[in-house]
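Take a look at the structure set out below.
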Amino acid sequence: MFKRNRGIIAAGVRRFRRAKQVTTVIATMSLALGTACRSTPQRHIATPQGAVATAKNSWSSVYEKTHSPTYSKAETARFEPYTATLKDGIRTVQGTIPPGYRGETLVTTVRAADGFASIAAVEVR
C-alpha cells in the first residue's frame, strides 16, 4: 500500500511541475510579446476614452504583425466595455471579464504624457 501511495504522490508532483512550467512559459511569452510590441509615442492622452482608443490601436497593430487571436477585433470586443484608470501618470486599460471566463485577456498601460502603450496578455483562471 505504501508503494501505491508513493506512486500517486509522485504522479501528482509531476503534474504540478508540468503545470508550473506551462504557466512560466505563458508568463514569459506574454512578457516578451508585451515588451516587443509597444506603440510609438504620439500625443498626450487626456481622457480615459483616449487611452482606450490608443490601446485598441495597439492591439490592432499587434494583430497585424502576429495574427494571434488574443489581439483580434472579435476577441477584444468580448471584453467591452473597457475602462482606463489613472495612477501616477499611467492609464491602465482593462476590459470587463465575463463570469466564468478562463483564458487570456489584455491589460494595456498607456502613459498619459505621450501616449506610449505597453501590452500584456494576462491569463485568467
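Given (1) surrounded by fewer than 17 Cβ atoms within 10 Å (Cβ to Cβ); (2) in contact with a strand residue (DSSP E or B) (Cβ under 8 Å, 6 or more places away or on another chain); (3) polar (S, T, N, Q); (4) at pLDDT 90 or above, identify the lone condition not met by residue 76.
Among (1) surrounded by fewer than 17 Cβ atoms within 10 Å (Cβ to Cβ); (2) in contact with a strand residue (DSSP E or B) (Cβ under 8 Å, 6 or more places away or on another chain); (3) polar (S, T, N, Q); (4) at pLDDT 90 or above, residue 76 violates only (1).
I'd like to verify a number: residues in region 49-64 that are under 13 Å from the mean Cα position of the chain (by Cα) and among the aliphatic types (A, V, I, L, M), how many?
2
For region 86-96, give me each residue that is without any contact (Cβ under 8 Å) to a residue 24 or more places away in the chain and surrounded by 10 or more Cβ atoms within 10 Å (Cβ to Cβ).
So the first thing to find is which residues in region 86-96 are without any contact (Cβ under 8 Å) to a residue 24 or more places away in the chain, and the list is 87-88, 90, 92, 94-96.
Within region 86-96, 90, 92, 94, 95, 96 qualify.
Select from region 105-125 the residues that are touching a Pro at 6+ places or on another chain (Cβ under 9 Å) and not small (Gly, Ala, Ser) and write down the one among them that is nearest to residue 60 (Cα to Cα). Can you show your working first?
Let us first name the residues in region 105-125 that are touching a Pro at 6+ places or on another chain (Cβ under 9 Å), namely 111, 113-117.
Adding the requirement that they be not small (Gly, Ala, Ser) leaves 111, 114, 116.
Numbers: 111: 18, 114: 19, 116: 15 Å.
Among those residues, the one meeting the criterion is 116.
Please find, within region 49-73, the residue that is modelled with the lowest pLDDT out of those that are hydroxyl-bearing (Ser, Thr, Tyr) and not in a loop (DSSP other than H, G, I, E, B).
If we take residues in region 49-73 being hydroxyl-bearing (Ser, Thr, Tyr) and not in a loop (DSSP other than H, G, I, E, B), then 70 is modelled with the lowest pLDDT.
Suppose we keep only residues that are outside any loop (DSSP other than H, G, I, E, B) and under 15 Å from the mean Cα position of the chain (by Cα) within region 97-116. Which one would you say is surrounded by the most Cβ atoms within 10 Å (Cβ to Cβ)?
The residue in question is 110.
In region 53-73, what count of residues is obtained for those that are touching a helix residue (DSSP H, G or I) at 6+ places or on another chain (Cβ under 6 Å) and either exposed (fewer than 11 other Cβ atoms within 10 Å of the Cβ) or not aromatic (Phe, Trp, Tyr) (or both)?
3
The values are calculated or read from the model by the stated rules, or taken from the named source; none is laboratory data. Model, not experiment: these values are computed from the prediction. Here the Cβ is made from the backbone with ideal geometry for all residues, glycine too, and neighbour counts use every protein chain on show.
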